[in-house]
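Visitor: What follows is a single structure, and I will ask about it in a moment.
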Amino acid sequence: MKRKKSLAIIAMSVVALSACSSESAEGASEDTTTVAATTDESAKAPTAKAALSGTDSEIKMTGEAVYSQDVDGKVTANISVANAEEGAHGIHIHADGSCEDAGKAAGGHWSLEEDSDHGEPNAEESHIGDMGNIVVDAEGNGTLEISLDAWTLGDGAETDVVGHAIIFHADEDDFGQPTGNAGDRHGCGVIELVES
Ligand SMILES: [Cu+2]
Ligand SMILES: [Zn+2]
């Protein structure tokens, strides 16, 4: 008699426990989802990258451009090139996201207004794709860090850097019209969103 009663108690508490644990498991998984979503939005700002390479097999330059966004929404590009010719080279974001046809498929400078002048980055009158020059040293390496107030990243707006191609030019951008006299298109890479 005593044994039966205690068995019954055990059985009941097992039921109670399992009910309880399934509830808390559900609650826990909901919590985890909420935490993960919050982390994605706040701590992990979007990043985009372009891998640059020569527009024909004779050009050995390579490079990488990383676009990142800080907490205030400001977008900064960190660009590095290697195996390039010494000197200053014009570097721009062009309108289209293609490097086909030796970089010609990238189109003209990325610009929000069709008739705006070419210029220095952040100048009152310039294209949103104007990044000025990257200076390459005697070893063939160059770096450029640049922020444009107008840029956004990953929002699909017309100011979004994602989906455009970067062109690394043969010559220096002298900020003359219409595109800075920067010469041939030596390197190219399409800016793509990095999935986090
Ligand atoms: Cu260009
Ligand atoms: Zn321009």
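The values are calculated or read from the model by the stated rules, or taken from the named source; none is laboratory data. Just so it is clear, the model here is predicted, and its values are computed rather than measured. Positions of Cβ are backbone-derived with ideal geometry, glycine not excepted, and every protein chain shown enters the neighbour counts.
Visitor: Mind checking which residues of the range 50-70 are under 14 Å from T152 (Cβ atoms) and in a loop (DSSP other than H, G, I, E, B)?
Guide: First, the residues of the range 50-70 that are under 14 Å from T152 (Cβ atoms): 67-70.
Once the filter is applied, which keeps residues that are under 14 Å from T152 (Cβ atoms) and in a loop (DSSP other than H, G, I, E, B), the range 50-70 yields only D70.
Visitor: Counting only residues that are in contact with a Leu (Cβ under 7 Å, 6 or more places away or on another chain) and over 18 Å from G90 (Cα atoms), how many does the range 162-196 have? Steps first, answer last, please.
Guide: Start the filter on the range 162-196 by keeping residues that are in contact with a Leu (Cβ under 7 Å, 6 or more places away or on another chain), which leaves 162, 166, 168, 187-189.
Checking the rest, the ones that are also over 18 Å from G90 (Cα atoms) come to 162.
So the answer is 1.
Visitor: Out of all the residues in the range 103-157, which are without any contact (Cβ under 8 Å) to a residue 60 or more places away in the chain, more than 16 Å from ligand 2 (Cβ to nearest atom) and under 19 Å from the mean Cα position of the chain (by Cα)?
Guide: Hits for the range 103-157 are D155, G156, A157.
Visitor: Also, quick follow-up: How about the range 124-196: which strands (runs of 3 or more DSSP E) wholly inside it have at least 3 residues that are within 18 Å of I59 (Cβ to Cβ), in the same structural domain as D101 (by TED's automatic domain parsing) and out of contact with any Asp or Glu (no Cβ under 7 Å at 6 or more places or on another chain)?
Guide: Values: elements: 130-136, 142-147, 165-169, 185-190, 192-194.
Counting at least 3 such residues, we get 165-169, 185-190.
Visitor: How many residues does the range 99-124 contain that are of a type outside the set (D, E, K, R) and away from ligand 1 (no atom under 14 Å from the Cβ)? If you could, list the steps in order and put the result at the bottom.
Guide: First, the residues of the range 99-124 that are of a type outside the set (D, E, K, R): 99, 102-103, 105-112, 116, 118-119, 121-123.
If we keep only those that are away from ligand 1 (no atom under 14 Å from the Cβ) as well, we get 112, 116, 122-123.
Number of matching residues: 4.
Visitor: For the range 54-81, which positions are crowded, with 16+ Cβ neighbours inside 10 Å, among the polar types (S, T, N, Q) and within 21 Å of A138 (Cα to Cα)?
Guide: T62, S80
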